[in-house]
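The values are calculated or read from the model by the stated rules, or taken from the named source; none is laboratory data. No experiment lies behind these values; they were computed from the predicted model shown. Counting neighbours? That spans all protein chains shown, and the Cβs are built from the backbone with ideal geometry, glycine included. Side chains included, ligands, DNA and RNA excluded: accessible areas come from the protein's heavy atoms. Shrake-Rupley method; radii C 1.70, N 1.55, O 1.52, S 1.80 Å.
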Amino acid sequence: MRASGTNIAEDQKLSYLNVPVYLNFRLPLMGEIGLFMQSGVNLAFLTGQNYSCNGTFTYKGYHSKYNVLLENLPQCGFTTNKATSAEGKQGVKSFAFFAVASAGVNYNINEKFQLSFAGTYNKSLSKVSDNPVNSQYQISPAADQINSLMGGSSKVTVLSFGLSLMLRHYF
């Protein structure tokens with residue numbers, strides 16, 4: 001069988017509970033305002049893993065004995081422009097390490113509280129995928145079936161950029 005697809009899209013959502021281990025540096029500017037940088041690692045525990053994917057596929061079959069290409073035969077599984085979708089859970093490791101760096105501005109509200117705004121960078125230090133490497137991977141092995149793109153990948157990592165608003169309390 002030969003499967004060809006168009007408009008293939010996948011939405012992957014991975015959620016982690018992070019335990020930060022950071023080194024912080026603060027440079028006071030004026031009064032209660034200062035600049036800060038922090039870097040370190042997050043010990044990340046997986047809390048959620050979902051994907052949804054869809055695409056339009058055409059299936060053809062080649063019969064080598066008769067040198068015939070079978071197509072547009074839906075009763076035999078060889079459909080044309082078949083919209084297919086799927087949802088499920090990813091094969092993702094339950095624990096990962098992430099390198100983290102952030103920089104921004106903070107304001108000391110009082111001696112116990114500090115408000116900060118920063119840009120952040122977060123990258124996994126190893127692959128997060130827990131799928132076995134499969135040389136026979138097919139994105140759509142049959143009509144009405146679609147597999148996650150991550151299932152055919154062997155070195156999936158996570159990278160994020162963002163903005164953080166933090167309220168810190170000192171004991």
Q: Check whether at least one residue in segment 152-167 is part of a loop (DSSP other than H, G, I, E, B), touching a helix residue (DSSP H, G or I) at 6+ places or on another chain (Cβ under 8 Å) and of a type in the set (A, V, I, L, M), and report yes or no.
A: yes
Q) So which residues in segment 75-99 are of a type in the set (A, V, I, L, M, F, W, C), part of a strand (DSSP E or B), out of contact with any Gly (no Cβ under 7 Å at 6 or more places or on another chain) and over 30 Å from K155 (Cβ atoms), if there are any at all? A) A83
Q. Quick one: how many residues across segment 57-67 are open to solvent by 40 Å² or more (accessible area, probe 1.4 Å) and on the phi < 0 side of the Ramachandran plot?
A. 6
Q. Which one of these is more than 15 Å from S148 (Cβ to Cβ), in contact with a His (Cβ under 8 Å, 6 or more places away or on another chain) and surrounded by 14 or more Cβ atoms within 10 Å (Cβ to Cβ): L35, L70, L43?
A. L70
Q | Qualifying positions in segment 100-131 - assigned to a loop (DSSP other than H, G, I, E, B), under 27 Å from K13 (Cβ atoms) and either among the basic types (K, R) or without any contact (Cβ under 8 Å) to a residue 12 or more places away in the chain (or both) | A | K127
Q: Kindly indicate the residue of segment 100-141 that is within 16 Å of V156 (Cβ to Cβ) and in contact with a strand residue (DSSP E or B) (Cβ under 6 Å, 6 or more places away or on another chain) and also most open to solvent (accessible area, probe 1.4 Å) among those meeting that condition.
A: L125
